[in-house]
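Notes to accompany the following structure.
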Protein chains: 2
Amino acid sequence: MRQHKLALCKYHFLEWVCDQTERNINKYKLFTKNDRVLVAVSGGKDSLALWDVLNKLGYLTAGVYINLGILGNDLYSVKSQTLAEKFASDHNLVLHISNIKSEYGKTIPEFSETNKRGKSKPCSVCGLIKRHTMNDNASKLGYDVLVTGHNLDDEVSVLFNNVLGWQVDFLRRQAPFIPAKEGLIPKAKPFCRFYERETAAYAILANIEYMEDECPFSVGSTTIENKELLNQLEHQRAGTKLAFYLKFLKAKKDIFTDLENDMYTEELFPCPICGQPTPKPGYCTFCRMVTRS
Amino acid sequence: MRQHKLALCKYHFLEWVCDQTERNINKYKLFTKNDRVLVAVSGGKDSLALWDVLNKLGYLTAGVYINLGILGNDLYSVKSQTLAEKFASDHNLVLHISNIKSEYGKTIPEFSETNKRGKSKPCSVCGLIKRHTMNDNASKLGYDVLVTGHNLDDEVSVLFNNVLGWQVDFLRRQAPFIPAKEGLIPKAKPFCRFYERETAAYAILANIEYMEDECPFSVGSTTIENKELLNQLEHQRAGTKLAFYLKFLKAKKDIFTDLENDMYTEELFPCPICGQPTPKPGYCTFCRMVTRS
């Protein structure tokens, strides 16, 4: 790991990932051993590695898997659900399953066809539905915190995009921990300081069977373009990604006044259908989409 | 020009550059027709194109050329001074010449060899000396404003670097206009919204003879690496560079409180030798370097 000037054997690498995760959890005050933690599981390397690490560290975890109904040539959702279920049963852990088609009547590709947000790509619709469904599951099932497997490359790619467009409200809200807000459960990203290579190495060395295929809709996405560019930068100057992210977290405190109390600058209203907060009075974007379709 | 969805013939392109420059000067309140404007001239396309445009628009201009004593294989400083002088005499304009070696005893490469700032590359020493000497010339000769030929690619490359390292004080100060401060003359960048391709096209179409060689020390610099990366982004999404810069200027107003009165957050003290402001009481970095060498 050039950015850390560190080389480890298999045994010490696995231990290092666990130690660093515990450190991040404490450093960013994400949750404690008493909290009921719900892990958002996609079946990919990051979320399964995260679940594995949290379980080893002795946290009280369950998983939630959302079947998006994405098939492609590789039966994407079918395969990833099987892998998530296998991990849960191998480790004797509870996995909640949500199915978009059975719960809301349509798959992600079907929603995206009938919605103007999804005209070119279903990614925007998919993000909206996942955020809603994750939060819904976590609140209804009584969990204290929702955790996601976002790694440093994910965070840096989003940060890069928000900086290119100087989206000040998004910059303000990007953090390893998003506190609770009426109708929104707290969200945490314990893997936010790990490079993607590191989470992949963990999953392989820990013998986790994970979904290796990328989502068929991700080809040519801005996120992937950004990641390629940032990899070039990292290659030219090792440690750039980590420094970019950590210095951002530090700078935020200087540039955004009253950040603690004011992560959401806009007033929020509860949606009359689902109760989740929305920036305008009336139905939230999710419920408008589902009821209209 | 993909970013503007605009294609112009030679005649209208030259006119467009002049019109847009006038618009920038007014938009960012850079200077007026009554101000005595000193143009920092390197002999390259940007500074000579800028001088040409300002002259055509009827501003009261003179130039200042700083001979840095950089030779390389191509007699860099000799050739660029000749081209700056030719432009001035062809257009019947005043050009002040400063020579680092005769004024301060050493060339840029010589200063950089004896100074720890210049250990790997003389760029840091060169920037320091140029900033000092420009400001010194402008104040002593009684000009109202110093203008530089920085184009959009220059500005975006610096912005990108400051964002990667989240250098909040540098971000705060990056602007098309830097107001006067005791000992510092105002600085303006009328070309900050032009792509490098546009200033190059102007220089060629206006038949300006300019220095085509890059500074021999610029090879492999961070600035050039950044520019290549940003060109890739621009290629993938036309207009990215312009949007990145303009949205930054807009976002600055939201994220930095009291920007007008508070561009310099730190207290500044006059250097006892040259009188220019410095963040600590005592000699400024420039005078320390010159007196120590």
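Enumerate the residues in the stretch A:121-151 having an amide nitrogen under 15 Å from the point lying 7 Å beyond the Cα of A:E266 toward its Cβ.
Label zone hits: A:128.
Efficiency by 1/(1 + (r/R0)^6): what FRET value for A:I224 and B:N231, r their Cβ-Cβ distance, R0 = 22 Å, to the nearest 0.05?
0.70
With runs of 4+ DSSP H residues as the only contributors, calculate the mean residue ellipticity of chain A at 222 nm using -39,500 (n - 2.57) per run, divided by the residue total and rounded to the nearest 500.
-15000 deg cm²/dmol
If you take the beta carbon distance between A:F170 and B:R23 as r and set R0 to 35 Å, what does 1/(1 + (r/R0)^6) give as a FRET efficiency, to the nearest 0.05?
That gives a FRET efficiency of 0.70.
Report the B-A buried area as the accessible area lost on both sides summed, probe 1.4 Å, in Å² to the nearest 100.
In total, chains B and A hide about 2400 Å² from solvent.
What percent do you get for the relative contact order of chain B when only Cα pairs under 8 Å and 6+ apart count?
Dividing the mean separation by the residue count of chain B yields 21 percent.
Please work out the average accessible area per residue across the stretch A:1-120, using the 1.4 Å probe convention, and give it in Å².
In whole numbers, the stretch A:1-120 has 52 Å² accessible per residue.
Suppose we compare each residue of the stretch B:137-183 in its chain alone and in the full protein complex with a 1.4 Å probe; which ones drop by at least 10 Å² of accessible area?
Residues of the stretch B:137-183 that lose at least 10 Å² of accessible area once the other chains are added: B:F160, B:V163, B:L164, B:G165, B:W166, B:V168.
Rounded, prolate or oblate: which one fits the stretch B:88-166, using the alpha carbon gyration tensor with axes a ≥ b ≥ c (rounded when a/c is under 1.5, else prolate when a/b beats b/c, else oblate)?
It is oblate, given that a/c is not under 1.5 and a/b is not larger than b/c.
Using a simple charge model, +1 on the beta-carbon of Lys and Arg, -1 on the beta-carbon of Asp and Glu, nothing else, what dipole does chain A show about its Cα centre, in debye to the nearest 20?
In debye, rounded to 20, chain A gives about 460.
Averaged over all directions, how much area does the convex hull of the C-alpha atoms of the stretch B:185-225 cover when projected, in nm²?
With the hull built on Cα positions only, its mean projection is 4.6 nm².
Projected onto the charge dipole of the stretch A:36-94 (+1 at Lys/Arg Cβ, -1 at Asp/Glu Cβ, origin at the Cα centre), which of A:S47, A:Y59, A:S77 gives the Cα projection farthest towards the positive end?
With unit charges placed on the Cβ atoms, the residue in question is A:Y59.
What is the local net charge at B:A88, summed over the other residues whose Cβ is closer than 14 Å to its Cβ (Lys, Arg +1; Asp, Glu -1)?
For residues surrounding B:A88, the net value is -3.
Which loop GluC sites (Glu not before Pro) in the stretch B:91-150, with loop taken from DSSP, have no more than 12 other Cβ atoms within 10 angstrom of their Cβ?
Of the GluC sites (Glu not before Pro), not one in the loops of the stretch B:91-150 has a Cβ with at most 12 other Cβ atoms within 10 Å.
For chain B, modelled as a GNM with alpha-carbon contacts under 10 angstrom, which of B:P186, B:P281, B:P176 fluctuates the most?
Comparing B:P186, B:P281, B:P176 in a Gaussian network model of chain B, the most mobile one is B:P281.
Starting from the Cα of B:K116, draw a straight line to each of the lysines and keep only those under 20 Å, dropping any in the same chain fewer than 8 residues away.
B:K116 reaches B:K101, B:K106, B:K130, B:K280.
Considering only B:I208, B:F248, B:L230, whose Cα is most displaced toward the positive end of the charge dipole of the stretch B:188-293, charges sitting on Cβ of Lys, Arg (+1) and Asp, Glu (-1)?
B:F248
With +1 on each Lys and Arg Cβ and -1 on each Asp and Glu Cβ, and nothing else charged, work out how big the dipole of the stretch A:1-56 is about its Cα centre, in Debye to the nearest 20.
With Lys and Arg at +1 and Asp and Glu at -1, about 160 debye.
In nanometres, what is the gap between the two model label sites at B:L60 and A:T114, each 7 Å from Cα along Cα-to-Cβ?
Reported label-point gap for B:L60 and A:T114 is 7.1 nm.
With N set to the number of residues, divide the alpha-carbon radius of gyration of chain A by 2.2 N^0.38 Å and report two decimals.
For chain A, the normalised Cα radius of gyration is 0.99.
Label points 7 Å out from Cα along the Cβ direction at B:H4 and B:E212: separation in nm?
2.5
Name the most mobile residue of B:D90, B:D46, B:D154, meaning the one with the largest mean-square fluctuation, in a Gaussian network model of chain B with Cα contacts below 10 Å.
So, out of B:D90, B:D46, B:D154, the one fluctuating most is B:D90.
Between rounded, prolate and oblate, where does the stretch A:128-267 land on the alpha carbon gyration tensor, with a ≥ b ≥ c its root eigenvalues, rounded for a/c under 1.5, else prolate if a/b exceeds b/c?
oblate
Give me the Kirkwood hydrodynamic radius of the protein assembly as shown, using the inverse of the mean 1/r over all pairs of distinct Cα atoms, in Å to one decimal.
Every distinct Cα pair counted, the radius reaches 27.4 Å.
Rounding to the nearest 20 debye, state how big the charge dipole of the protein assembly as shown is about its Cα centre with +1 on each Lys and Arg Cβ and -1 on each Asp and Glu Cβ.
Dipole size: approximately 560 debye.
Tell me, what % of the accessible area of the protein assembly as shown is carbon and sulfur with a 1.4 angstrom probe?
51
Test of understanding: what is the full-extension gain from B:K253 to B:V94, defined as 0.36 nm times their sequence separation minus their Cα-Cα distance?
53.4 nm
The values are calculated or read from the model by the stated rules, or taken from the named source; none is laboratory data. Computed from a prediction, not measured in an experiment: that's the story for all the values here. Methodologically, a virtual Cβ is constructed for each residue, glycine included, from the backbone with ideal geometry; neighbour enumeration extends over all protein chains shown. Heavy atoms of the whole protein, side chains included, go into the accessibility calculation; ligands, DNA and RNA do not. Shrake-Rupley method; radii C 1.70, N 1.55, O 1.52, S 1.80 Å.
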